[in-house]
Amino acid sequence: MSLAGVRFEALNKNYPARGGGEPVEVISDLSLSIADGEFLVLVGPSGCGKSTLLRLMAGLETPSSGEILVGEQPVSGLRPGKRNVAMVFQSYALYPHLSVRDNLAFGLRRSQRRTALQQLKDQLHRNTRRLPGALRIHSPREQQLEKRVLDVAQSLELDQLLDRRPKELSGGQKQRVALGRAMARKPEVFLMDEPLSNLDAKLRGSTRTRIVDLQRQLGTTTIYVTHDQVEAMTMGHRIAVLNNGFLQQLGTPMELYRWPSNLFVAQFIGSPPMNVLPVQVGPSGTLMLGDKRLNVEGPFKAVLPTFEGQQLNGGIRPEQLRVAPATNRNLKAEVSHCEVLGNEQLLTCRLLDGDHLVQVRADPNMEIATGCLIHLEADPEGWRLFDADGNAIALQQPQQALETIEPQLPPLT
């Protein structure tokens, strides 16, 4: 199987104006390279252009301008069947009148031209395959196809279900058939549009692991669209965050989590999202939240003096706020909501200085009730700073030089 990377070059997609309105811009000047064999996850709010990008890649939509390349071949002018990509849909999109076996084989049968005589021979092979050996009509093409289908079915634990119809399958089994149909074609690129969103939580977890393992074994370039934070953080080599058709940030999961490029990414990646507080830069590399002086350590310590006196947005993750004893430096807060999740509890608290809401990860054994007063200590190395426009404050050191900033890209194989 030939593998190939994918490149989107200055891609734009507009829908024409209706009723005298303005044209709708869905993808705006998007340039993005996906390595051969990479698993890229696309995330963003509804309507940001994620599914449109997959449809452009699959040939179901035509770009307004720009180019899509698979390997070095431009594919924007090719019809969908010539692009050698396979798409797995949210709704499974199985043929209800066909068995699992024939659903898995459907794309393979249509991928090559056959004469009327070949089609007849193939049909006779299928119709006589259960008869005694002397009465069977053999088709080498169908035998090869059946072997491929059986290999795929065994890899997805579907080999006991090959004669069932889709209505006789569970949701997880249907999704595995949809994955198998895409795998059977040995495409250069897999496109997956929220394939797990219709499954329950347990099935999502097991199927997520199965998809990652299969992609690792096959090494097929994969573009995966999801709304699920766990899927985004655990499945891909890299994550691309879209908003209003624009690429906001591209990086490894931990790079986006630790070092978001702007406030949108900071509050979109992570569940619960990053807390954002209006702060003023005080003397000696500190932050002022109302009358409270907060220490800052780590890479931002060196850049703070250049912003002294300025108003910034200070971001801090929920796990970097901890319940602590009462001191002058700690933030007094009232607990407005508790969610005990077994391994942790999430506290929603209202800071008494400035009346800001923050979320805090706390020990599940800590006895905290709604309405009680607590004190919060901020990790001095946990602060991330953003300017008035929401863009991250640039660091003086290159990010690659900071050991905790740039995690190693997971291996593509």
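The values are calculated or read from the model by the stated rules, or taken from the named source; none is laboratory data. If you're wondering where the values come from, they're calculated on a predicted model, not measured in any experiment. For neighbour counting, all protein chains shown are included, and Cβ atoms are generated from backbone atoms with ideal geometry for every residue, glycine included. Note: areas computed on protein heavy atoms with side chains; ligands, DNA, RNA excluded. Shrake-Rupley method; radii C 1.70, N 1.55, O 1.52, S 1.80 Å.
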Next item on the list: Express in nm, to one decimal, how much length is gained between residue 128 and residue 67 on full extension, taking 0.36 nm for each residue of separation and deducting their alpha carbon distance.
Entry: 17.2 nm
Next item on the list: Among 328, 312, 338, pick out the residue whose Cα is farthest towards the positive end of the charge dipole of the range 228-343, where Lys and Arg carry +1 and Asp and Glu carry -1 on C-beta, about the Cα centre.
Entry: 328
Checklist line | Solvent-accessible area of residue 231 with every protein chain in place, 1.4 Å probe, in Å² to the nearest 10 | finding: 10
Next item on the list: Would you give the gap between the C-alpha center of the range 333-361 and the C-alpha center of the range 166-241, rounded to a whole Å?
Entry: 34
Notebook entry, point to check: When you take every Cα atom in the chain, what is the radius of gyration, and what is Dmax, the widest Cα pair distance, in Å?
Noted result: 26.5, 92
Next item on the list: Report the residue, chosen from 35, 378, 17, that carries the largest GNM mean-square fluctuation when the chain is represented by alpha-carbon nodes joined by springs under 10 Å.
Entry: 17
Note to self: In Å², and per residue, what accessible area does the range 23-149 have when probed at 1.4 Å with the other protein chains present?
What the structure shows: 52
Next item on the list: Rounding to the nearest 20 debye, state how big the charge dipole of the chain is about its Cα centre with +1 on each Lys and Arg Cβ and -1 on each Asp and Glu Cβ.
Entry: 2760
Next item on the list: For the range 49-179, restrict the atom set to alpha-carbon positions and state the Rg and Dmax in Å.
Entry: 17.7, 59
Next item on the list: Could you tell me the largest-minus-smallest coordinate of the C-alpha atoms of the range 288-391 on each of the three principal axes, in descending order and whole angstroms?
Entry: 42, 26, 25
Notebook entry, point to check: Counting only protein heavy atoms and using a 1.4 Å probe, what share of the accessible area of the chain belongs to carbon plus sulfur, as a whole percent?
Noted result: 49
Item checked: the range 44-81: GluC sites (Glu not before Pro) in DSSP loop, at most 12 other beta carbons within 10 Å -> 72
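Give the calculated FRET efficiency between residue 271 and residue 14 to the nearest 0.05, with a Förster radius of 35 Å applied to their Cβ-Cβ distance.
Calculated transfer efficiency: 0.60.
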Check: For the range 1-106, what is the relative contact order in percent, using Cα pairs closer than 8 Å and at least 6 residues apart in sequence?
Finding: 27
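What number do you get for the range 244-311 when its Cα radius of gyration is normalised by 2.2 N^0.38 Å, N = residues?
Taking N as the residue count of the range 244-311, the ratio is 1.29.
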Checklist line | Spatial extent of the range 194-315: Rg and Dmax, with the Cα atoms as the point set, Å | finding: 18.9, 57
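Using the Kirkwood formula on the Cα atoms of the range 13-95, what hydrodynamic radius do you get, in angstrom to one decimal?
14.5
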Next item on the list: Please work out how much accessible surface residue 259 shows to a 1.4 Å probe, ignoring ligands, DNA and RNA, in Å² rounded to 10.
Entry: 20
Next item on the list: Based on alpha-carbon positions alone, could you give the equivalent ellipsoid semi-axes of the range 121-252 from the gyration tensor, as √(5λ), descending, whole Å?
Entry: 36, 17, 12
Check: Do the alpha carbons of any pairs in 50/147; 13/82; 202/332; 147/174; 50/82 sit beyond 32 Å of each other, and which pairs?
Finding: 50/147; 202/332
